[in-house]
Amino acid sequence: MPKKEEEKGFVDIINGRYKPRGVFHIPEANQPIFNKETNKLAGITNPRDMTYIHSYGGEAPFFESLGKGRLMATRCENEKCESKGSIFMPFRIYCPDCLRQATVIDMTDIAKNTAKIHSFIVTHRSGAYNTLKKPIKFINIEFDSVVTILMSYLSSGDPEIGKRVVPIFKTKNPTYTIIDLSFVLEGTPESELPEGFTF
Ligand SMILES: [Zn+2]
């Protein structure tokens, strides 16, 4: 059941410190597990409801930009690095070759103009806490001038290796998670986008 406002946990940062407010653990009675044939006790259930505080650290600019319709990547700009100029998407805080902090860049236009399906998987069964519509069309995406492959999901149309796709963003009520970014086949009309998403 969805929680009421007074049952949720919230966090703000004030004067550089995390300040939790609200409820982070909801206690609930356990239940016995009985064997229906023997009427003997076999165990108990152990309800657990807790809110985990997940800090994004240096990846925060990536998640914040999705809700604004922008795709942020990073690029190594270290003169002494053999891989200088490498663009990383997924967003990497540090260059894996020289271990220096990479520079944040906006690659929205590269994604709009060059994203292609590298490979894909269609899954009809998902794990716990799945919120995506089934079947889920997971796609691996390649972009021009990007040295990595991004995993995302296709919201409309059928995946095919080599097909051109364009990014879409949940700009209305963003969740600030990776599902705010999705893709559709190139040429998909705006009216076919899932609720809350824009190009
Ligand atoms: Zn580097």
Accessible-area value, residue 41, 1.4 Å probe, nucleic acids and ligands omitted, Å²: 110 Å²
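Given just the C-alpha atoms of the stretch 50-143, how large is their convex hull per residue in cubic angstrom? Working shown, then result.
Numbers: hull volume 13.8 nm³, N = 94.
Expressed per residue, the convex hull around the Cα atoms of the stretch 50-143 is 146 Å³.
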Of the GluC sites (Glu not before Pro) in the stretch 145-199, those whose Cβ has at most 14 other Cβ within 10 Å and which sit in DSSP loop: 160, 186, 195
In µm²/s, what is D for the stretch 47-100 at 25 °C and 0.890 mPa s, where D = kT/(6 pi eta Rh) by Stokes-Einstein and Rh is the Kirkwood radius from Cα pairs? 188 µm²/s
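What number comes out for accessible area per residue over the chain if the probe is 1.4 Å? Units Å², please. Each step should come with its number before you reach the end.
On the way: 13260 Å² over 199 residues.
Accessible area per residue, the chain: 67 Å².
Residue separation times 0.36 nm, minus the C-alpha to C-alpha distance between residue 84 and residue 123: what's the value? Walk me through the numbers before you get to the answer.
Details: separation 39, 0.36 × 39 = 14.04 nm, distance 3.73 nm.
Stretched out fully, the residue 84 to residue 123 stretch lengthens by 10.3 nm.
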For residue 170, list the lysines whose Cα falls under 19 Å from its own Cα; do not include residues on the same chain fewer than 8 positions away. 68, 112, 133, 134, 137
Roughly how many Å² of residue 12 are accessible to a 1.4 Å probe, to the nearest 10? 60 Å²
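Please tell me the relative contact order of the chain in percent, rounded to the nearest whole number, where contacts are Cα pairs under 8 Å and at least six residues apart.
On the way: 365 pairs, mean separation 30.5, N = 199.
Reported relative contact order: 15 percent.
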Compute the FRET efficiency between residue 100 and residue 179 as 1/(1 + (r/R0)^6), taking r as their Cβ-Cβ distance and R0 = 35 Å, and round to the nearest 0.05. 0.70
Dimensions in Å of the stretch 101-199 - Rg and Dmax from alpha carbons: 13.4, 40
In the chain, how does Rg compare with the Kirkwood Rh, expressed as the Rg/Rh ratio over alpha carbon atoms? 1.08
Quantify, in whole percent, the carbon and sulfur part of the accessible surface of the chain (1.4 Å probe; protein heavy atoms only). 52 percent
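The values are calculated or read from the model by the stated rules, or taken from the named source; none is laboratory data. The model shown is predicted, which means the values in this text are computed figures rather than measured ones. Using ideal geometry, Cβ is built from the backbone for each residue, glycine included, and neighbour counts are taken over all protein chains shown. SASA here: full protein model, heavy atoms, side chains in, ligands and nucleic acids out. Shrake-Rupley method; radii C 1.70, N 1.55, O 1.52, S 1.80 Å.
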